[in-house]
Amino acid sequence: MTPSPGLRLRITALVLLVPLVLAATRSLASGAASGSALAPAPDVPRACSLTPTQVRRALDAFDEMLPVIFHPRCVNCHGAVNPYVDPQIGRHLGGQMTDSITGEPLPDSSCQDCHGELPGWQVPGQAMLFVGKNPKELCVQFKQFAPGGGSQFVEHVEHEPGLPQFIKTAFLGTRALNTLGEVVYEDQMGVPPVPEKPPLDHGALVGLAKDWVNAIGSGWAEAPDCGCATSGAWYGTVTARGVFQNAGMSGTLQVGSGATVMLEAVDGPSWSSGRRVRNYRATGGVVRWAAIATGACRGTISGTMPLDTLDIDGNPMAELRMEDIGRSEVGYQPTTGSWPDRWSPIFHVQCDMDGARVPVPMTNLLPTWWHYDLSSPPTTTDLDRLKGRYEWAPGQGVSVVWEWDLKRQP
């Protein structure tokens, strides 16, 4: 029997409307689908024995020193000012400290012409530069500078054994300028120099250095980045379930998914937002999903989707972004890739329309399997487990629930 023009119009509208409604949910779920667990991660020796909570404490302690480390009185001497290149590039007010004939760097003793208030003034070598390095890289650098242990680092910060007292002088804020140096500064800047001290005093920095060393503890002698960056993976489950009553089609549509997922760290911490951000991407797991239509429209479909692959745009099928928002709190936000067509097959539900049984094609049931639209991401103070739940009810007859439970792996 050929449907009437009016019936064909209603079918067309339904075909267009159902995927649109379902896509708007961002994720669909039902207890009808469940995922089997992945094999547990192999028991292998860890390069860093610190727990995620211990690492976080070490990161927090290191962050307390950053306002001093990145203050001009410190970072200028450690690479932000380069006296051996064109002053327009190197920002050295005393000019380019190279031999005008050979172009070779002048000896460090030449620095005393202007910085005579600190005998033995030197420019740190490449390995001791701060500029261009993020906190993780600096943390590793400081550990490597003191192979004898954390006490060696604290000793250096406190009184620099056998070296001119650069650190103590930095806290005076004077740049160790003598009279000639002050004249050169005023000539270049148009105003006489005034002390520009770091935000903390020297004693406070020594105290913070001790806090950091104590927080790292045994990690100082372990892997170079132990205590300087988070590691490990997140492993666990994500489930979702949704119910749609007379939403784009007559009857009730129940949809659901159950997933196991392994999310491993990628790249290093990002600091673009001013806070430490860590990113993880799916490297294992599978989503099992199903949909059941009952009432005036009836039909079922189910499928699976691996998570250790990329979507049609080259993005991982799941990512997790974690951002520090306080000394003991982390915010996190998952994102999901778009499903390739082979995991969103077209299927038909049989609908009763004007006394006829009409097949209606549907697809894109689960465009994403873990998602929520929140102005503020969920937060946690438990660095070893992420467990949460979110409900979405945009209108009458429509409700979707997401639940997740991830644990930190070594």
* So which of K133/K387; K133/K407; K168/K210 end up more than 26 Å apart, counting from Cα to Cα? -> K133/K387; K133/K407
* Other-chain or far-sequence residues with amide H under 5 Å of I301's (modelled H) -> A291
* Considering every Cα-Cα pair within region 163-290, what fraction, in whole percent, is farther apart than 17 Å? -> 79
* If you plug each phi of region 123-138 into the Karplus form 6.51 cos²θ - 1.76 cosθ + 1.60 with θ = phi - 60°, what whole-Hz ³J(HN,Hα) values come out, in order, with x for Gly and Pro? -> 9, x, x, 3, 5, 9, 6, 9, 5, x, 10, 7, x, 4, 5, 5
* Based on the mean of other Cβ atoms within 10 Å per residue, sort peptides 281-291, 387-397, 161-171 so the most packed one is first. => 281-291, 161-171, 387-397
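Computed from the coordinates by the stated procedures, all read-outs in this text should not be read as laboratory data. Since this is a predicted model, take the numbers as computed values, not measurements. Virtual Cβ from ideal backbone geometry, glycine too; neighbours counted across all protein chains shown.
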